[in-house]
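Trainee: One structure coming up, written as structure tokens, with questions to follow.
The values are calculated or read from the model by the stated rules, or taken from the named source; none is laboratory data. Since the model is a prediction, treat every value here as computed from it, not as a measurement. FYI the Cβ positions are ideal-geometry reconstructions off the backbone, even for glycines, and counts take in every protein chain you see. To get the accessible areas, we keep the full protein, side chains included, count just its heavy atoms, and leave off ligands, DNA and RNA. Shrake-Rupley method; radii C 1.70, N 1.55, O 1.52, S 1.80 Å.
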Amino acid sequence: MLFLKLAWRNLWRNRKRTLITVSAITFAVVAAVFMQSINRGSHEVMIDNMVRFHTGYVQLQDYRYDAEPSLDNSFFFDDEIRDRVKKTYPETELVLPRIETFMLAGNEHTTRGALVLGILPEQEDAFSGLKNHLADGRFFDPAEQAAVVTKGLAERLQLSIGDQLLLIGQGRFGMSANGLFEITGILDHPLRDMNNQTVYIPLETAQFLLSADDHITALLVHPGGERHVRAAANAFNEEFSGDDLKAYTWPEMMPELLQLLEFDLVGAYFMSGILYIVIGFGFFGTILTMTLERTKEFGVLVSVGMSRVRLGMVLFLETLFISITGVISGVVAAWLILYWFYLNPIELSGEIAETVIEMGWEPVLPMSFAADQFYMQGLIVFVIAMFVFLFPLIKIMRLNILEAARS
Amino acid sequence: MAIVKTEKLSKIYNPDTVPVHALRDVTISFEEGEFTSVVGPSGSGKTTLLNMIGGLDKPTSGSVEIDGTTITGMSDRELIDFRLKHIGFVFQHYNLIPVFTALENVSFIMLLQKREKSEMENRAKSLLEQVGLSDRMDARPKQLSGGQQQRVAVARALASEPRFILADEPTANLDSTSAMNLLDIMEKMNREQNVTFIFSTHDQRVIDRARRVVYMVDGKIDRDEVQK
Ligand SMILES: Nc1ncnc2c1ncn2[C@@H]1O[C@H](COP(=O)(O)OP(=O)(O)O)[C@@H](O)[C@H]1O
Ligand SMILES: [Mg+2]
């Protein structure tokens with residue numbers, strides 16, 4: 001108990017310094033979390049958009065489709081399959097059948113390559129709020145001979161609402177597929193790539209056009225949230241393996257993007273590394289003076305018979321108090337600050353804002369509020385602090401008591 | 001039997017660069033119940049001798065025996081434990097833990113010895129009474145005068161029930177009243193409880209109070225006298 005008392009009193013011996021050290025750790029945690037939050041924020045927006053507007057959380061595909069994405073590898077879909085999906089994973093919220101293929105899209109004069117998606121607009125909208133991104137016009141009815149063209153593509157083909165869109169391509173098993181579609185809407189797609197090349201047409205119309213009655217290339221499943229993704233995919237793989245279907249999770253569907261983002265984080269990690277080094281040296285300065293100041297005291301304690309291990313323990317307790325207090329208050333402060341930014345996001349302005357708005361995002365600085373960054377950064381700073389605090393321990397182990405007494 | 005016995009004790013500092021012969025073949029012994037002063041001019045080797053006897057430093061050659069146990073050659077860890085159990089220390093300055101009260105400073109050494117808590121407190125209180133500080137038990141070192149601090153240090157040194165107490169110039173930083181007061185206390189403990197004291201000094205009035213005086217010159221024992 002007296003050891004604990006000794007450690008505790010030592011903390012109060014130089015109140016100001018203890019406070020400074022604690023606040024330095026607090027600040028370090030806040031800075032580290034903040035940096036992470038901003039680094040990850042834009043990535044989360046990207047991934048989220050990708051999931052919402054392109055891949056979905058989980059997709060069921062014919063197991064051959066991944067290697068050879070052709071209509072020949074589409075699969076039969078009806079209400080029975082829909083019911084089986086829901087039964088297999090009851091938390092399932094939405095089931096979105098899609099047929100997807102590349103065709104030539106054109107006006108009277110020119111054509112361009114286009115990604116043609118046969119969809120059920122109501123379900124898509126329920127999942128991604130797709131209709132909110134309509135720049136003009138409306139989405140089609142289920143079996144209408146109509147199309148919604150993304151803004152980039154419409155501009156390139158100089159098409160607008162009411163114009164006829166020509167689609168030329170190949171259907172299933174090499175059947176020719178040509179059709180004229182009235183443009184009912186122009187969509188400002190949040191994903192730049194998709195905005196330049198996508199045409200939406202009704203699912204049924206697409207199936208007819210592509211000679212693929214009742215067939216789809218992908219079934220997007222919304223399993224009720226991120227945390228269900230893995231479990232749902234596993235369940236589907238078990239249930240549908242006899243139907244030649246395979247379930248993919250969103251990370252499996254966009255490995256290149258994730259890799260790219262990971263690569264993008266290298267710079268961020270580097271910056272974090274620098275931050276950690278600065279933090280580490282900051283602590284080191286404090287700890288150094290703190291230790292040197294007490295060399296004499298350490299010398300007396302060892303002289304009268306306190307073992308170095310015991311003395312080290314007292315010091316360890318002191319540093320533990322400081323680090324834990326600093327880290328906890330840092331995590332709390334970081335949480336409060338991020339929460340404030342969550343309620344009052346930083347508005348972007350000028351050119352950046354315009355670009356961001358164009359991409360369909362809100363013109364605010366994207367920040368991540370993921371919980372793991374709090375304890376991860378807290379833990380890292382704690383480890384750094386404890387690591388720096390090894391210095392006084394080494395000092396004690398090597399302390400020459402006579403020199404200490406004379407100093 | 002002697003409590004402390006040294007055998008041809010030599011100490012050379014910086015043997016490789018600028019060798020300083022701090023002790024030269026010192027052979028001396030101290031008996032139980034002694035009240036002995038080691039005296040001599042500055043640099044004569046008093047501190048070095050006391051450090052060797054206290055196991056705080058290692059001799060270049062020769063040996064130190066305490067209560068029949070040779071401490072020369074013990075490991076650092078063994079020495080720390082040996083000091084805790086057998087030797088009491090009073091240093092010239094900076095003796096006490098600044099964040100502890102007088103009472104805690106005295107108790108602390110017994111805590112290191114893993115004694116019973118109740119025994120610890122009672123003993124610490126009675127020792128502080130003996131050094132005349134019963135009303136200052138809860139004061140921190142900073143709130144005590146230099147003389148009072150040295151008295152706490154004596155109480156602490158005694159708390160561990162050592163075989164003898166080593167005090168290197170315990171009065172050097174004190175005014176003469178405080179110095180005489182400290183000597184009174186040490187002398188009383190020696191007389192009434194047979195506590196063995198070996199202390200160094202170069203203050204003539206302190207020397208006068210010792211029963212045995214060991215004169216050192218240039219790392220050697222020059223004279224060894226019993227007074228009165
Ligand atoms: N750590 C050391 N390194 C080098 N020389 C030392 C050291 N400690 C003491 N000395 C030298 O040894 C001699 C004896 O010193 P010391 O025992 O402190 O004498 P005293 O206590 O009688 O003043 C002196 O010449 C002193 O300068
Ligand atoms: Mg000296």
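Trainee: Give me the summed buried accessible area for the B-A pair, 1.4 Å probe, to the nearest 100 Å².
Mentor: For B against A, buried area totals roughly 2300 Å².
Trainee: Right, something else. Two-decimal Rg/Rh of segment A:1-108 from alpha-carbon positions, Kirkwood Rh?
Mentor: Taking Rh as the inverse mean 1/r over Cα pairs, Rg/Rh reads 1.40.
Trainee: Right, another one. Between A:GLU44, A:GLU239, A:GLU297, find the one with the highest GNM mean-square fluctuation for chain A; connect C-alpha pairs within less than 10 Å.
Mentor: The residue with the greatest mean-square fluctuation here is A:GLU297.
Trainee: In addition: If you take every DSSP beta bridge fully contained in segment B:137-228, what fraction is antiparallel? Give it as a percent rounded to 5.
Mentor: 60
Trainee: Given a Förster distance of 22 angstrom, what is the FRET efficiency for A:GLN158 paired with A:GLU351, based on the Cβ-Cβ distance and rounded to 0.05?
Mentor: That pair, A:GLN158 with A:GLU351, gives E of 0.25.
Trainee: Can you send over the carbon and sulfur percentage of the accessible area for the protein assembly as shown, probe radius 1.4 Å, protein chains only?
Mentor: 55
Trainee: Under a point-charge model restricted to the Cβ atoms of Lys and Arg (+1) and Asp and Glu (-1), what is the dipole moment magnitude of the protein assembly as shown relative to its Cα centre, in debye to the nearest 20?
Mentor: Numbers: 60 positive and 79 negative charges, 1103 e Å.
Charge dipole of the protein assembly as shown: 5300 debye, to the nearest 20.
Trainee: Of B:ALA2, B:GLY40, B:LEU84, which is farthest along the charge dipole of segment B:2-226 in the positive direction, counting Lys and Arg as +1 and Asp and Glu as -1 at C-beta?
Mentor: B:LEU84
Trainee: Quick check on chain B: helices-only [θ] at 222 nm, where DSSP H runs of length 4 and up contribute -39,500 (n - 2.57) each and the sum goes over total residues. Nearest 500, please.
Mentor: Values: 7 runs with 82 residues, N = 228.
About -11000 deg cm²/dmol.
Trainee: Still on this structure: Checking the cross-link filter: which aspartates and glutamates have an alpha carbon closer than 14 Å to that of A:LYS87, excluding same-chain neighbours under 8 positions apart?
Mentor: Straight-distance partners of A:LYS87: A:ASP79, A:GLU238, A:GLU239.
Trainee: Amide H of B:THR72: which non-local residues (sequence gap of 5 or more, or other chain) have their own amide H closer than 5 Å, using H built in the peptide plane?
Mentor: HN-HN under 5 Å from B:THR72: B:VAL64.
Trainee: Sum -39500 (n - 2.57) across every DSSP H segment of at least 4 residues in chain A, then divide by the residue count to get the 222 nm mean residue ellipticity, nearest 500.
Mentor: -18000 deg cm²/dmol, from helical runs alone.
Trainee: Can you tally the net charge around A:LYS87? Count Lys and Arg as +1, Asp and Glu as -1, for every other residue whose Cβ sits under 13 Å from the Cβ of A:LYS87.
Mentor: So the environment of A:LYS87 carries a net charge of -3.
Trainee: Aspartates and glutamates within cross-link reach of B:LYS117: Cα-Cα under 18 Å, excluding same-chain residues under 8 positions apart?
Mentor: B:GLU104, B:ASP138, B:GLU161
Trainee: Taking springs between alpha-carbon atoms closer than 10 angstrom, which of B:PRO98, B:PRO162, B:PRO170 fluctuates most in the Gaussian network model of chain B?
Mentor: So, out of B:PRO98, B:PRO162, B:PRO170, the one fluctuating most is B:PRO98.
Trainee: Mind checking the alpha-carbon convex hull of segment A:248-338 and giving the volume per residue in Å³?
Mentor: 162
Trainee: In vacuum, with every alpha carbon of segment A:109-258 counted as one equal point scatterer, what does the Debye formula give for log10 I(q)/I(0) at q = 0.16 Å⁻¹? Two decimals, please.
Mentor: -0.98
Trainee: Now for a different question. If segment B:2-226 were replaced by its equivalent ellipsoid, with semi-axes equal to the square roots of 5 times the Cα gyration tensor eigenvalues, what would those be, largest first, whole Å?
Mentor: Its equivalent ellipsoid spans semi-axes of 29, 20, 16 Å.
Trainee: Further question: Set Lys and Arg Cβ to +1 and Asp and Glu Cβ to -1, take the dipole of the protein assembly as shown about its Cα centre, and tell me which of A:TYR63, A:GLN207, A:LEU165 lies farthest positive.
Mentor: Farthest towards the positive end: A:TYR63.
Trainee: Under Stokes-Einstein, with the Kirkwood radius over Cα pairs standing in for Rh, what whole-number D in µm²/s applies to segment B:126-228 at 4 °C and 1.567 mPa s?
Mentor: Answer, rounded: 89 µm²/s.
Trainee: Sticking with this one: Could you run the Karplus curve 6.51 cos²θ - 1.76 cosθ + 1.60 with θ = phi - 60° over segment B:140-153 and give me ³J(HN,Hα) per residue in whole Hz, x for Gly and Pro?
Mentor: Computed from phi, the couplings for segment B:140-153 are 8, x, 4, 8, 9, 6, x, x, 5, 4, 5, 5, 4, 4 Hz.
Trainee: Name the long-range amide H neighbours of A:ARG64: under 5 Å, sequence gap of 5 or more, or other chain; modelled H, no Pro or chain starts.
Mentor: HN-HN under 5 Å from A:ARG64: empty list.
Trainee: Which of the peptides A:60-73, A:147-160 is most tightly packed, and how do the rest follow, going by the mean number of other Cβ atoms within 10 Å of each residue?
Mentor: A:147-160, A:60-73
Trainee: What distance in nm lies between label points placed 7 Å from Cα along the C-beta direction at B:GLN193 and A:SER70?
Mentor: Each label point is offset 7 Å from its Cα along the Cβ direction, giving 10.2 nm.
Trainee: Counting only residues 5 or more places away or on other chains, whose amide H sits under 5 Å from the amide H of B:VAL90 once H atoms are built in the peptide plane?
Mentor: Long-range HN contacts for B:VAL90: B:LEU166, B:ALA167, B:ASP168.
Trainee: To continue, here is another question. How far, in nm, would the chain grow between A:ASP83 and A:ASN14 when pulled straight, counting 0.36 nm per residue and subtracting the alpha carbon separation?
Mentor: Difference between extended and current length: 17.9 nm.
Trainee: Along the charge dipole of segment B:2-226, Cβ charges K/R +1 and D/E -1, which of B:PRO162, B:LEU23, B:PHE197 sits furthest on the positive end?
Mentor: B:PRO162
Trainee: Something else about it: Return the single residue from A:MET397, A:MET194, A:MET103 with maximal mean-square fluctuation; model: Gaussian network over chain A, springs between Cα atoms under 10 Å.
Mentor: A:MET397
Trainee: While we're looking at this one, here's another question. For segment A:51-162, what number results from the quotient of the Cα radius of gyration and 2.2 N^0.38 Å?
Mentor: For segment A:51-162, the normalised Cα radius of gyration comes out at 1.21.
Trainee: Taking θ = phi - 60°, what integer Hz values does the Karplus form 6.51 cos²θ - 1.76 cosθ + 1.60 yield along segment B:19-27, in sequence order, with x for Gly and Pro?
Mentor: For segment B:19-27, the Karplus-derived couplings read x, 10, 7, 7, 9, 10, 6, 7, 10 Hz, x marking Gly and Pro.
Trainee: Also, quick follow-up: Can you give the local net charge around A:SER70? Use residues other than it whose beta-carbon is closer than 12 angstrom to its beta-carbon, Lys and Arg +1, Asp and Glu -1.
Mentor: Counting the neighbours of A:SER70, the net charge comes to -3.
Trainee: Between the chain alone and the structure with every protein chain in place, find the residues of segment A:1-34 that drop at least 30 Å² of accessible area; heavy atoms, 1.4 Å probe.
Mentor: Listed in order, they are A:LEU2, A:PHE3, A:LEU6, A:ARG9, A:ARG13.
Trainee: Next question, about the same structure. I'd like to check one number: the per residue accessible area of the protein assembly as shown, probe 1.4 Å, reported in Å² as a whole number.
Mentor: 47
Trainee: Per q in 0.11, 0.12 Å⁻¹, report the Debye log10 I(q)/I(0) for the protein assembly as shown, using one uniform scatterer on each alpha carbon and no solvent.
Mentor: Each listed q maps to, in turn, -1.04, -1.17.
Trainee: Sticking with this one: Output wanted: per-residue J couplings in Hz (rounded whole) for segment A:39-48, from phi through Karplus 6.51 cos²θ - 1.76 cosθ + 1.60, θ = phi - 60°, x for Gly and Pro.
Mentor: 4, 7, x, 5, 5, 4, 4, 4, 5, 4
Trainee: Something else: Please get the size of the charge dipole for segment B:2-226, origin at its Cα centre, with Cβ charges of +1 on Lys and Arg and -1 on Asp and Glu, quoted in debye to the nearest 20.
Mentor: 280
Trainee: Quick check on segment A:58-222: of the DSSP beta bridges with both residues there, what percent are antiparallel, nearest 5%?
Mentor: 75
Trainee: So which of B:LYS5/B:LYS188; A:LYS16/B:LYS114; A:LYS395/B:LYS220; A:LYS296/B:LYS46; B:LYS58/B:LYS114; A:LYS5/B:LYS125 end up more than 30 Å apart, counting from Cα to Cα?
Mentor: A:LYS16/B:LYS114; A:LYS395/B:LYS220
Trainee: Next question. Net charge around B:LYS58, counting only other residues with Cβ within less than 10 Å of its Cβ (Lys, Arg = +1; Asp, Glu = -1)?
Mentor: Values: positive: B:LYS11; negative: B:ASP57, B:ASP76.
The answer is -1.
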